[in-house]
Amino acid sequence: MPKDDKDLSKNEHYKSDSHYLRGTITTNLEDPITLGVNDVNKELLKFHGIYLQDNRDDRGRRLKKKLEPNWSFMVRIPFPGGVCTPEQWLALDELAHKLSNGALRLTTRQAVQYHEILRDNLRPLMRRLDAVGLCSMNGCGDITRNIMSSPLSDLSPIHQQAYAYVDAIYQATLAKTNAWREVWLEEEHKATPPGVSEEPLYGTTYMPRKFKIAIVIPPENDVDVFSQDIGLIAIANGDTLEGFNVSVGGGLGITYGEPETYPQIGKLIGFCPADSVVELCLAIIAIQRDHGDRSNRKHARMKYTIDDRGLDWFKQELQERVGWDLQPLKEFSFTMTGDRLGWQKTQNNSWHYTWLVENGRIKDTENKPLMTGIREIAKVHQGEFRFTPNQNLIIANVAETDKAAIEELIQQYALDHLQKHSLVRRNAMACVAFPTCPQAMGEAERYLPSLLDKVEEIMQSLDLKEEIKIRMSGCPNGCSRPYMAEIAFTGRAIGKYNMYLGGDFEGFRLNKLYKENIGEKEIFTELRTLLKHYKNDKKDQEHFGDFVVRQGYVSMVKDGRDFHG
Ligand code: SRM
Ligand code: SF4
């Protein structure tokens with residue numbers, strides 16, 4: 001902890017001076033000198049789910065002409081557990097065409113993003129979102145983000161029971177400030193009565209850094225539960241959800257050349273009965289709120305608090321805060337981290353169709369009217385949509401009697417590309433990167449599809465039909481959770497990537513750096529050699545990640561502190 005105020009990072013001052021995230025956003029929105037916002041409001045806006053961005057493709061040209069960057073805003077809307085009604089989808093679609101760039105982006109945390117929103121369009125956007133019960137608050141910023149969960153919440157009674165906790169944790173961890181409504185809906189300032197805190201959980205300075213929670217329902221580890229600050233693994237007894245095994249201190253972001261930053265796998269600390277899980281999450285958040293590093297933002301995630309102070313300290317602190325002990329861990333196992341694509345029937349006799357949305361980008365292209373197709377489905381669909389943690393979309397809860405009509409629309413808009421997708425493409429993910437992400441060093445979403453074409457070619461020539469998990473991020477922040485993949489690429493510069501190998505298919509361990517700063521030619525040479533070796537020498541049912549570790553291409557990483565070593 002910082003010894004005094006001068007050690008605090010500048011973001012800590014921005015937060016404490018902001019009057020619970022109001023800052024001067026309202027007046028800044030009218031500033032005629034710029035189409036952006038000032039540095040302080042830029043940080044505060046993140047809590048409102050809004051990021052100031054410029055088009056990176058256009059940056060150099062504007063710089064040469066000494067023009068201000070082409071400012072616009074990314075808006076992220078959380079959907080706890082990824083659940084979205086057709087009415088909400090139609091509003092999202094309408095706004096994408098009216099106020100954004102005609103596209104939507106499903107994220108790796110089951111949220112939805114708009115890009116390229118102009119400053120004057122932010123208020124109309126938020127008003128329309130509010131009218132369908134949506135709000136971008138908690139989308140970003142130093143706060144608990146969207147609560148993730150295995151998205152097919154009706155797959156079994158366990159899924160339904162677990163979803164109730166997603167909602168309860170989300171409500172308990174939402175920002176309570178009225179700032180969003182005052183700024184965007186122009187509601188009158190709501191004063192809190194004397195002696196009452198506007199933010200009982202977070203206080204004036206919120207969290208030291210972002211905070212992430214996910215619930216997973218075995219056997220699929222679709223949320224990558226060990227990459228979360230808090231990971232909750234649902235444990236069932238028959239048709240009853242007993243509670244959750246609790247994992248703490250996962251997190252993935254690193255900075256190149258700074259080995260004191262590392263990705264970390266969450267540590268299992270015990271079993272929590274279901275009816276105590278909200279209390280437990282709030283106590284863990286409070287520990288990180290009080291003990292997280294507020295001077296160095298690169299060291300401010302809970303993974304560092306736990307690694308620095310030790311797991312025993314953490315467990316003791318937690319016990320003191322809740323006043324009871326966690327129970328011994330219960331048995332569980334995982335089979336994969338991906339989605340089960342196509343139609344599935346659930347115990348309540350309804351149908352769910354999961355389809356692969358490449359890298360989460362929803363837009364119409366010449367041969368694929370994806371956005372139009374989903375819109376037409378939303379107009380008649382009686383159930384909901386669900387966004388998956390793998391950037392895919394589910395048409396959920398289709399009644400037996402409606403299935404044929406939905407199927408017809410899927411065919412009509414040529415949405416059913418499932419058969420065409422190889423097993424590597426089904427498990428692949430790329431982050432947004434260029435042109436909107438300010439942190440991108442290399443391409444990801446715009447490059448991975450063509451890289452996969454080549455991988456498919458190599459695999460076909462070897463007659464390899466195994467599922468392999470490949471992920472790509474445009475920088476080391478790890479937004480596509482690359483360090484949990486069997487093969488991963490993170491951008492170093494345009495056309496250059498670090499290549500990592502050796503994560504497992506089920507999401508229990510990290511991968512490790514294999515080649516640094518390599519270009520496309522070297523990537524394919526490496527892949528050809530590795531895949532050929534895999535084809536010839538793999539054991540029965542052996543996944544690629546396990547094979548490369550067994551063959552000594554990289555060592556096994558079960559703790560992030562060994563990631564760089
Ligand atoms: Fe992320 C920052 C996109 C999931 C780790 N992430 C960013 C920003 C906002 C760039 C910025 O700082 O200005 C990116 C916006 C790009 C754009 O133009 O849209 C961005 N992150 C994304 C999304 C959209 C990637 C995607 O392709 O889906 C995901 C949105 C999730 C959501 O709905 O909330 C996204 N980001 C993740 C994940 C995966 C996860 O949460 O499961 C991670 C790794 C897990 C973790 O947090 O440890 C992740 N994003 C980061 C980091 C590194 C954090 C760290 O601890 O070091 C940053 C940079 C930062 O926070 O300073 C970052
Ligand atoms: Fe941007 Fe890096 Fe995240 Fe990709 S990993 S979206 S490049 S911050």
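Based on the Cβ-Cβ distance from residue 562 to residue 258, what FRET efficiency comes out when R0 is 25 Å, to the nearest 0.05?
Once rounded, the FRET efficiency stands at 0.95.
Can you tell me, using C-alpha contacts under 8 Å and at least 6 residues apart, the relative contact order of the range 248-370 as a whole percent? Could the numbers behind the result be given before it?
Details: 104 pairs, mean separation 24.3, N = 123.
Averaging sequence separation for qualifying contacts and normalising by length gives 20 percent for the range 248-370.
What whole-number distance in Å separates the alpha-carbon centres of the range 455-506 and the range 300-327?
33
Only Cα pairs under 8 Å and at least 6 apart count here; give the relative contact order of the range 402-488 as a rounded whole percent.
Working: 101 pairs, mean separation 26.5, N = 87.
Dividing the mean separation by the residue count of the range 402-488 yields 30 percent.
Can you sort 473, 333 so the residue with the fewest Cβ neighbours within 10 Å comes first? Present the calculation step by step, with values, prior to reporting the outcome.
On the way: 473 35, 333 9.
Listed from fewest to most nearby Cβ atoms, that is 333, 473.
Check the cysteines of the chain one by one and keep only those with no other cysteine Cβ under 4.7 Å from their own.
84, 135, 140, 272, 281, 437, 475
Which whole-number percent gives the relative contact order of the chain, counting Cα pairs below 8 Å spaced six or more residues apart?
Values: 1235 pairs, mean separation 73.8, N = 565.
It rounds to 13 percent for the chain.
Fully extended, how many nm does the chain gain between residue 327 and residue 462 (0.36 nm per residue separation, minus their Cα-Cα distance)? Mind dumping the intermediate values first?
Working: separation 135, 0.36 × 135 = 48.60 nm, distance 4.88 nm.
Answer, rounded to one decimal: 43.7 nm.
Simple spin-label model, 7 Å along Cα-to-Cβ: residue 297 to residue 94 in nm?
3.6
Once you order the gyration tensor axes a ≥ b ≥ c over the Cα atoms, which shape class does the range 17-92 get: rounded for a/c under 1.5, otherwise prolate or oblate by comparing a/b with b/c? Can you show the working numbers first?
Details: a/c = 2.63, a/b = 1.39, b/c = 1.89.
Oblate, because a/c is 1.5 or more while a/b does not exceed b/c.
Cross-link partners among lysines for residue 368, C-alpha distance below 28 Å, same-chain residues fewer than 8 apart left out?
Partners within reach: 98, 345, 379, 403, 420, 454, 465, 469.
Given q = 0.05, 0.10 Å⁻¹, what are the Debye log10 I(q)/I(0) values for the chain, with equal point scatterers placed on the Cα positions and solvent ignored?
Cα-only, vacuum Debye calculation for the chain: -0.20, -0.85.
Counting pairwise Cα distances across the range 324-481, what percent come out greater than 25 angstrom?
Values: 5191 of 12403 pairs.
Summing the P(r) of the range 324-481 above 25 Å gives 42 percent of all pairs.
How about residue 539: which aspartates and glutamates have a C-alpha closer than 13 Å to its C-alpha, ignoring those fewer than 8 places off in the same chain?
Candidates past the 8-residue exclusion: 466.
Residue-wise, which Karplus ³J(HN,Hα) couplings in Hz belong to the range 482-488, taking 6.51 cos²θ - 1.76 cosθ + 1.60, θ = phi - 60°, and x for glycine or proline?
x, 6, 9, 9, 6, 10, 9
Multiply the residue separation of residue 160 and residue 61 by 0.36 nm, subtract the distance between their alpha-carbon atoms, and state the gained length in nm to one decimal.
On the way: separation 99, 0.36 × 99 = 35.64 nm, distance 5.20 nm.
This chain segment gains 30.4 nm when fully extended.
Can you tell me the FRET efficiency between residue 368 and residue 26 if r is taken as the Cβ-Cβ distance and R0 is 45 Å, rounded to the nearest 0.05? Before the final figure, lay out each step's value.
Values: r = 41 Å, r/R0 = 0.91.
Once rounded, the FRET efficiency stands at 0.65.
Residue by residue, what Karplus-based ³J(HN,Hα) values in Hz, rounded to whole numbers, does the range 188-197 have, using 6.51, -1.76 and 1.60 with θ = phi - 60° and x for Gly and Pro?
The phi angles translate into 5, 4, 9, 7, 8, x, x, x, 10, 7 Hz.
Once you list every other residue whose beta carbon is under 15 Å from the beta carbon of residue 271, what net charge do they have if Lys and Arg are +1 and Asp and Glu are -1? Before the final figure, lay out the partial values.
Numbers: positive: 267, 315, 330; negative: 242, 275, 279, 325, 331.
Its environment carries a net charge of -2.
For residue 10 and residue 290, FRET efficiency with R0 = 22 Å and r from the beta-carbon atoms, rounded to 0.05?
Working: r = 21 Å, r/R0 = 0.93.
After rounding, the FRET efficiency stands at 0.60.
Only the coordinates and a few stated rules stand behind these numbers; no lab work does. Every value quoted in this text rests on a predicted model; they were computed, and no experiment measured them. Cβ: placed from backbone, ideal geometry, glycine included. Neighbour counts: every protein chain shown.
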